[in-house]
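S.K.: Below you'll find the structure I mean.
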Amino acid sequence: MNTRSYLNSLRSINPNRMIRQIPAIDTTALLGWVGLARRRSRFGSNLAWIATGFVLGTAGALLLAPSSGRELRSKVGGRVGGGVGKLMGEVAGAHPVETAHVVGAARNALSAERS
């Protein structure tokens, strides 16, 4: 009697249904069964901290460099203004030399206005 009930229970197992359920198991569940977990990537967070450190380090180096305030403002203005002028020239499709002349004229006008 036990053998018959055992064989009847084996007939009720549907292997097709079991095979269809296998792809539904994801890697997170498999890792959980063995007591592991996925590691989250912190690349973006680390990259943001590196960029912040770079900016703060550069600012600190400029502020602590042995130069007068006027020289420092001139250096920073030249680098930032030149970069912005070059960028605007590329965006607008202007020639870089013409853009440099326009940026230089704007600098001169601003420095004359401040004086």
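S.K.: Provide a single number: the residues in the range 8-50 that are of a type in the set (S, T, N, Q) and at pLDDT 75 or above. Break it down stepwise before answering.
M.R.: Let us first name the residues in the range 8-50 that are of a type in the set (S, T, N, Q), namely 8-9, 12, 14, 16, 21, 27-28, 41, 45-46.
Remaining after also requiring at pLDDT 75 or above: 27-28, 41, 45-46.
Number satisfying all stated conditions: 5.
S.K.: Evaluate the following for L62: is it touching a residue at least 12 places away in the same chain (Cβ under 8 Å), more than 21 Å from the chain's Cα centre (by Cα) and closer than 29 Å to R107 by Cα? If you could, list the steps in order and put the result at the bottom.
M.R.: Working: touching a residue at least 12 places away in the same chain (Cβ under 8 Å): yes; more than 21 Å from the chain's Cα centre (by Cα): yes; closer than 29 Å to R107 by Cα: yes.
Here the answer is yes, as L62 does meet what is asked.
S.K.: Could you please tell me which pairs satisfy a Cβ distance under 6 Å, a separation of 6+ or placement on different chains, a first residue in the range 103-115 that is closer than 12 Å to G77 by Cα, and a second residue that is surrounded by 12 or more Cβ atoms within 10 Å (Cβ to Cβ)?
M.R.: Going by the 6 Å Cβ cut-off, the qualifying pairs are V103/G81; V103/G85.
S.K.: Another question, if that's okay. Given the conditions (1) exposed (fewer than 10 other Cβ atoms within 10 Å of the Cβ); (2) hydrophobic (A, V, I, L, M, F, W, C); (3) assigned to a helix (DSSP H, G or I), report the number of the one that A37 does not fulfil.
M.R.: Every condition holds for A37 apart from (3).
S.K.: Identify, please: which residue in the range 65-110 is within 26 Å of V55 (Cβ to Cβ) and either among the hydroxyl-bearing types (S, T, Y) or loosely packed, with under 10 Cβ neighbours inside 10 Å (or both) and is, among those, modelled with the lowest pLDDT?
M.R.: The selected residue is V91.
The values are calculated or read from the model by the stated rules, or taken from the named source; none is laboratory data. Not measured: the values here are computed from a predicted model. Using ideal geometry, Cβ is built from the backbone for each residue, glycine included, and neighbour counts are taken over all protein chains shown.
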